[in-house]
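The values are calculated or read from the model by the stated rules, or taken from the named source; none is laboratory data. Keep in mind the model is a prediction, meaning the values are calculated, not measured. When we count neighbours, we look across all protein chains shown, and the Cβ atoms used for this are built from the backbone with ideal geometry, even at glycine. We work out accessible area using only protein heavy atoms, side chains counted, and drop any ligands, DNA or RNA first. Shrake-Rupley method; radii C 1.70, N 1.55, O 1.52, S 1.80 Å.
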Amino acid sequence: MTRSEKPVLTGKTKGELAEFFESIGEKRFRAKQLFEWIYDRRVLNYGDMLNLSKSLREKLERETKLVTLFSRASQYSSGTETKKYLFVTEDNKSIEAVVIPEERRTTLCVSTQVGCPLDCKFCATGLMGFSRNLSASEIVQQYLLTQIDYPEEITNIVYMGMGEPLLNYDATLKSLRIFTAEETRGLSKNRITVSTSGITPRIYDLADSGLRVKISLSLHSAFDDVRSEIMPVNKKYPLKSVLESLDYYARTTKTRVTFEYTMFDGINDRDADVKALTKIIRRMPSKLNLIPFNSIAHMAPDGISAQLKSTPYDKILEFADKLRANNITVMVRNTQGDDIAAACGQLAVKHS
Ligand code: SAH
Ligand code: SF4
């Protein structure tokens with residue numbers, strides 16, 4: 001199967017939809033009407049959009065598409081309400097999204113690429129290599145299709161599924177514009193987090209976009225040599241440049257930056273790490289999430305990837321206490337969905 005020749009109207013911003021309607025001889029305000037049907041009422045069937053004329057509905061049905069992802073499977077993690085969805089694209093690529101309910105929120109984790117080119121040594125998605133960027137529509141559909149299925153209201157979105165969102169900047173930005181649009185029910189800018197491995201120039205761009213969503217840096221080491229070994233992207237954008245861009249992000253958007261720190265036994269859990277980390281966290285309004293390393297044994301890794309082990313949980317708690325003693329805000333994250341390989345960094349799909 002190849003990708004649709006017909007325009008796909010999910011994933012178009014309101015401005016793009018207005019241009020689209022104009023180009024087919026319709027009034028621009030149709031864009032707002034369609035936008036409301038999709039993102040406020042969550043209707044993905046033109047036939048039900050009753051304030052559009054019958055002839056327009058038929059035309060849209062014939063000449064455009066709203067849904068291109070096929071929902072192949074979904075699976076609950078045992079004993080939790082965490083649910084992983086497997087979608088297949090029109091060109092037969094598989095992508096995943098995960099819904100994670102917590103006490104006062106329900107978070108959707110979206111993918112932005114099929115695979116990832118950045119080759120982080122601890123990440124299942126990195127190990128599968130890179131296939132292609134997702135379109136804005138494919139990112140937005142992960143939200144629409146999971147929300148239509150999942151019994152609770154999705155309140156938060158994190159860009160922490162497969163891929164590096166800032167290497168697919170245009171599609172990521174469009175999806176953010178849609179999620180934060182006033183018509184989109186149930187979501188808001190301060191409940192959306194873009195997670196990045198640190199693509200410095202795009203961090204400046206996102207800061208200047210005016211969107212003011214939250215940003216999270218996958219830090220994983222406060223030392224360039226260690227970070228470069230487990231995250232090759234650090235050779236291109238070393239800590240100094242990434243941290244400067246985050247200072248700018250925090251200043252420009254007036255948001256608090258999150259640092260994600262996956263813990264590897266003997267590699268980034270020493271006292272020297274507490275000290276260096278404290279210095280980084282203190283330089284801007286920020287908080288730190290410590291994450292146990294989730295096994296990627298299902299990917300049969302070799303080299304350094306095969307040697308990585310998680311810091312034991314009690315040592316993670318001790319590490320957190322040492323940081324708290326330095327007045328750092330620290331959370332130790334649990335890893336819901338481990339049993340179905342839906343936890344952070346475990347998302348990878350074997351291609352036929
Ligand atoms: N590419 C982006 C977003 C996707 S990865 C990024 O790197 O930030 C989402 C998060 O999962 C990142 O913080 C990443 O470092 C983390 N992660 C990847 N593999 C992991 C693993 N095996 N165990 C725990 N966290 C992992
Ligand atoms: Fe890509 Fe993020 Fe995985 Fe690194 S951690 S390989 S940037 S998806």
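Of the residues that make up segment 260-267, is at least one away from ligand 1 (no atom under 14 Å from the Cβ) and touching a strand residue (DSSP E or B) at 6+ places or on another chain (Cβ under 9 Å)?
Taking every residue of segment 260-267 in turn, none turns out to be away from ligand 1 (no atom under 14 Å from the Cβ) and touching a strand residue (DSSP E or B) at 6+ places or on another chain (Cβ under 9 Å).
Pro292 - would you say it is assigned by TED's automatic domain parsing to the domain that holds Leu118 and within 16 Å of ligand 1 (Cβ to nearest atom)? Full working, then the answer.
Numbers: assigned by TED's automatic domain parsing to the domain that holds Leu118: yes; within 16 Å of ligand 1 (Cβ to nearest atom): yes.
Criteria met by Pro292.
Name the residues in segment 129-163 that are in contact with a Ser or Thr (Cβ under 6 Å, 6 or more places away or on another chain) and within 14 Å of ligand 1 (Cβ to nearest atom), would you?
Leu134, Ile139, Val158, Tyr159, Met160, Gly161, Met162, Gly163
Between a residue in segment 141-152 that is among the hydrophobic types (A, V, I, L, M, F, W, C) and any residue that is in a helix (DSSP H, G or I) and modelled with pLDDT of 95 or more, which pairs come within a Cβ distance under 9 Å, given they are 6 or more apart or on different chains?
From segment 141-152, the pairs are Leu144/Ile38; Leu144/Tyr39.
Quick check, is Leu219 open to solvent by 10 Å² or more (accessible area, probe 1.4 Å) and closer than 28 Å to Ser77 by Cβ?
Values: open to solvent by 10 Å² or more (accessible area, probe 1.4 Å): no; closer than 28 Å to Ser77 by Cβ: yes.
Judged against the criteria, Leu219 is not a match.
Given the condition within 20 Å of Cys109 (Cα to Cα), among the aliphatic types (A, V, I, L, M) and modelled with pLDDT under 95, answer yes or no: does some residue in segment 63-83 qualify? Can you show your working first?
Quick first cut of segment 63-83, residues within 20 Å of Cys109 (Cα to Cα) only: 67-83.
This time we only want the ones that are among the aliphatic types (A, V, I, L, M), so: 67, 69, 73.
Imposing the further condition that a residue be modelled with pLDDT under 95 reduces the set to 73.
Yes.
If you check Glu103 against the conditions, is it more than 22 Å from Val43 (Cα to Cα), more than 13 Å from ligand 1 (Cβ to nearest atom) and in a loop (DSSP other than H, G, I, E, B)?
Values: more than 22 Å from Val43 (Cα to Cα): yes; more than 13 Å from ligand 1 (Cβ to nearest atom): yes; in a loop (DSSP other than H, G, I, E, B): yes.
It is true that Glu103 is more than 22 Å from Val43 (Cα to Cα), more than 13 Å from ligand 1 (Cβ to nearest atom) and in a loop (DSSP other than H, G, I, E, B).
Give segment 222-239 a look and list any residue that's open to solvent by 40 Å² or more (accessible area, probe 1.4 Å), part of a helix (DSSP H, G or I) and either in contact (Cβ under 8 Å) with a residue 12 or more places away in the chain or closer than 24 Å to Ile192 by Cα (or both), or say none.
So in segment 222-239, the residues open to solvent by 40 Å² or more (accessible area, probe 1.4 Å) come out as 223-225, 229, 235-238.
When the remaining residues are screened for being part of a helix (DSSP H, G or I), the result is 224-225, 229, 235-236.
Result: Asp224, Glu229.
Do we find that Leu277 is assigned to a strand (DSSP E or B) and either open to solvent by less than 50 Å² (accessible area, probe 1.4 Å) or of a type outside the set (S, T, N, Q) (or both) in this structure?
Working: assigned to a strand (DSSP E or B): no; either open to solvent by less than 50 Å² (accessible area, probe 1.4 Å) or of a type outside the set (S, T, N, Q) (or both): yes.
Taking the combined requirement at face value, the residue does not satisfy it.
Got at least one residue in segment 114-128 being open to solvent by less than 20 Å² (accessible area, probe 1.4 Å), under 23 Å from Thr80 (Cβ atoms) and assigned by TED's automatic domain parsing to the domain that holds Ile203?
Yes, there is a match, as at least one residue in segment 114-128 is open to solvent by less than 20 Å² (accessible area, probe 1.4 Å), under 23 Å from Thr80 (Cβ atoms) and assigned by TED's automatic domain parsing to the domain that holds Ile203.
Could you list all residues from segment 270-304 that are within 17 Å of Glu260 (Cβ to Cβ) and among the hydroxyl-bearing types (Ser, Thr, Tyr)?
Thr278, Ser286
Of all helices (runs of 4 or more DSSP H) completely enclosed by segment 11-92, which ones contain at least 3 residues that are open to solvent by 50 Å² or more (accessible area, probe 1.4 Å)? Steps first, answer last, please.
Working: elements: 14-23, 30-39, 54-63.
Hits in segment 11-92: 14-23, 54-63.
Given the options Thr196, Thr180, Thr184, name the one that is away from ligand 1 (no atom under 11 Å from the Cβ), β-branched (Val, Ile, Thr) and open to solvent by less than 20 Å² (accessible area, probe 1.4 Å). Please lay out each step first, then the result.
On the way: Thr196 fails: away from ligand 1 (no atom under 11 Å from the Cβ); Thr180 fails: open to solvent by less than 20 Å² (accessible area, probe 1.4 Å).
Criteria check complete, one pass: Thr184.
Out of Val213, Val226, Val158, which single residue is within 16 Å of ligand 2 (Cβ to nearest atom) and under 21 Å from Pro285 (Cβ atoms)?
Val158 is the lone residue from the list that is within 16 Å of ligand 2 (Cβ to nearest atom) and under 21 Å from Pro285 (Cβ atoms).
Is it the case that some residue within segment 252-268 is in the same structural domain as Ile328 (by TED's automatic domain parsing), aliphatic (A, V, I, L, M), over 26 Å from Leu167 (Cα atoms) and assigned to a loop (DSSP other than H, G, I, E, B)?
Our first condition is that a residue be in the same structural domain as Ile328 (by TED's automatic domain parsing); within segment 252-268, this holds for 252-268.
Subsequent filtering for residues that are aliphatic (A, V, I, L, M) retains 257, 263, 267.
Remaining after also requiring over 26 Å from Leu167 (Cα atoms): 267.
Going one step further and asking which of them are assigned to a loop (DSSP other than H, G, I, E, B), we end up with 267.
There is at least one residue in segment 252-268 that is in the same structural domain as Ile328 (by TED's automatic domain parsing), aliphatic (A, V, I, L, M), over 26 Å from Leu167 (Cα atoms) and assigned to a loop (DSSP other than H, G, I, E, B).
Within segment 250-266, which residues are within 14 Å of Ile328 (Cα to Cα), surrounded by 18 or more Cβ atoms within 10 Å (Cβ to Cβ) and free of Cβ contacts under 8 Å to residues at least 60 places away in the same chain? Working first, answer last.
Quick first cut of segment 250-266, residues within 14 Å of Ile328 (Cα to Cα) only: 256-261.
Now restrict to residues that are surrounded by 18 or more Cβ atoms within 10 Å (Cβ to Cβ): 257-261.
The answer is Val257, Phe259, Tyr261.
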